[in-house]
Structure formats: C-alpha cells, structure tokens
Amino acid sequence: EDQVTQSPEALRLQEGESSSLNCSYTVSGLRGLFWYRQDPGKGPEFLFTLYSAGEEKEKERLKATLTKKESFLHITAPKPEDSATYLCAVQAAGGTSYGKLTFGQGTILTVHP
Amino acid sequence: DAGVTQSPTHLIKTRGQHVTLRCSPISGHKSVSWYQQVLGQGPQFIFQYYEKEERGRGNFPDRFSARQFPNYSSELNVNALLLGDSALYLCASSLRTGSTPGANVLTFGAGSRLTVL
C-alpha cells in the first residue's frame with residue numbers, strides 16, 4: 001500500500017528564516033510526486049511535479065527536490081503570505097487510475113512578520 | 001478562464017439522508033477525480049472518471065457512487081449518511097489521463113463542506 005508521511009506536522013518560522021519540509025514515501029513504483037499548497041477553506045493549489053530522483057524545480061521562494069525515498073520542499077526567506085498547509089502526494093505507476101494521488105497529512109506552515 | 005467549480009459550497013444533512021455534490025471541470029479537461037478531506041488530514045481518493053467511464057475507485061463503501069456526464073461534469077452521491085462522512089469533498093480535473101508528463105496534474109476546486117448531524 002502506498003504511504004506518504006510528512007514532517008514536521010507544524011512549523012513556525014520568522015519572516016526571512018529559511019527551512020525545509022520533508023515528505024517520505026513508500027510506493028511500488030513512482031510515476032510522479034506532487035506538492036500542493038492549501039489555504040484555509042480552499043482546495044489544494046498545485047505547486048510542483050517531480051518525476052525522477054535528482055530532479056529539482058523552483059518557483060519564487062520554493063524549491064522542491066526528489067530522492068528515491070523522500071522529497072524536500074525548501075523555503076528560502078519566507079514571507080507571511082507563504083503561511084499555508086503544504087501537501088505532498090504520490091502517484092503510483094501501473095494501473096489505469098491516473099487521477100489517484102496518495103496524500104500525506106500535510107505540514108502547517110506559519111510565518112510570523 | 002473558470003477553474004473547477006463545485007456546488008453546493010456548504011451543506012448540512014442528518015444521519016441516514018442522501019447527498020449529491022456537483023462538479024464542473026476546467027473547460028477542455030476530460031478527467032474528473034473526487035477526494036474526501038477530513039479536518040486535519042490530507043485528501044483521500046474516492047473515484048476517478050475519464051470519458052464517462054470509471055477509471056479508479058478508492059477504499060470507500062458502496063454508499064459512495066459517482067458518474068460523469070457527456071459534458072464532462074460529474075456528480076458524487078452518498079447514501080445513508082453517517083457522522084463520519086462529515087468532511088470537505090474535493091473535485092479535481094485534469095486535461096486527460098495517461099502517462100504524458102503534465103497531463104495528470106490535478107487542478108482542485110474549492111470543495112463542498114458537508115456536515116452530518
């Protein structure tokens with residue numbers, strides 16, 4: 001069974017204090033690893049997809065990396081508007097359901113001014 | 001361009017009742033997936049439909065059913081509601097289904113918040 005575990009569960013940072021969120025996964029074969037951001041009362045917003053170990057993607061203050069067992073979301077010099085829940089999800093290879101993602105429980109990030 | 005739209009946004013039901021949730025995908029998207037998100041947890045996969053056919057089903061009881069219409073919109077039905085069905089129900093659409101990178105990026109709607117009393 002596919003499993004995704006995110007740590008820490010909650011993270012409080014001061015504005016400008018860089019840090020990383022971790023996503024550990026177990027999947028029979030990885031088709032893709034996804035990062036989403038979710039604001040309270042809203043649906044998840046797509047950030048990145050990573051497909052193979054060693055791949056990296058960047059967007060503004062965020063950088064996602066992937067190894068064979070985990071992914072990191074690095075946040076450089078965060079701002080209060082980066083406060084949100086960050087969700088990691090995996091899509092397994094094989095099967096016919098390309099719409100199935102297995103999500104972790106999320107990391108709640110709070111950035112204080 | 002309109003994103004994924006879901007209705008209703010909020011609803012309250014009592015145990016044993018039935019509920020229908022509706023979803024309109026992004027224009028041009030042919031795949032729709034449904035997820036359940038309980039407070040404090042990540043979304044959990046319920047169904048995927050592509051071209052009106054069920055392509056995947058998560059570990060949910062038969063009380064949950066869905067369908068996709070010729071215009072690619074979809075509805076999720078839940079019968080005999082239980083207290084534990086209280087959750088945010090998310091609909092997501094993608095351009096198509098298949099192994100092409102990017103084709104499977106899910107775009108989520110804002111969700112339907114269901115409260116069962």
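The values are calculated or read from the model by the stated rules, or taken from the named source; none is laboratory data. Just so we're clear, the structure is a prediction, and the values are computed from it rather than from any experiment. Using ideal geometry, Cβ is built from the backbone for each residue, glycine included, and neighbour counts are taken over all protein chains shown. Ligands, DNA and RNA are stripped out before the accessible areas are found, and what is left, the full protein with its side chains, is counted by its heavy atoms. Shrake-Rupley method; radii C 1.70, N 1.55, O 1.52, S 1.80 Å.
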Among the residues of region B:43-101, which ones are among the hydrophobic types (A, V, I, L, M, F, W, C) and farther than 24 Å from A:Trp35 by Cα? B:Phe60, B:Phe64, B:Ala66, B:Phe69, B:Leu76, B:Val78, B:Ala80, B:Leu81, B:Leu82, B:Leu83
Which one of these is in contact with a strand residue (DSSP E or B) (Cβ under 8 Å, 6 or more places away or on another chain) and more than 11 Å from every other protein chain (Cβ to nearest Cβ): B:Thr14, B:Thr9? B:Thr14
Filtering region A:67-113 down to residues that are touching a Ser or Thr at 6+ places or on another chain (Cβ under 8 Å), within 14 Å of chain B (Cβ to nearest Cβ) and closer than 16 Å to A:Ser18 by Cα, which residue is surrounded by the most Cβ atoms within 10 Å (Cβ to Cβ)? A:Tyr86
One residue is enough: does region A:39-49 have a residue meeting the conditions touching a strand residue (DSSP E or B) at 6+ places or on another chain (Cβ under 7 Å) and more than 23 Å from B:Ala110 (Cβ to Cβ)? no
Return the residues of region A:75-89 that are of a type outside the set (D, E, K, R) and not in a strand (DSSP E or B); say none if nothing qualifies. A:Thr76, A:Ala77, A:Pro78, A:Pro80, A:Ser83
Of the conditions (1) charged (D, E, K, R); (2) at pLDDT 95 or above; (3) farther than 25 Å from B:Ala2 by Cα, B:Arg22 clears all except one; give me its number. (3)
Residues that are open to solvent by 70 Å² or more (accessible area, probe 1.4 Å), among the acidic types (Asp, Glu) and within 14 Å of another protein chain (Cβ to nearest Cβ): does region A:16-35 have at least one? no
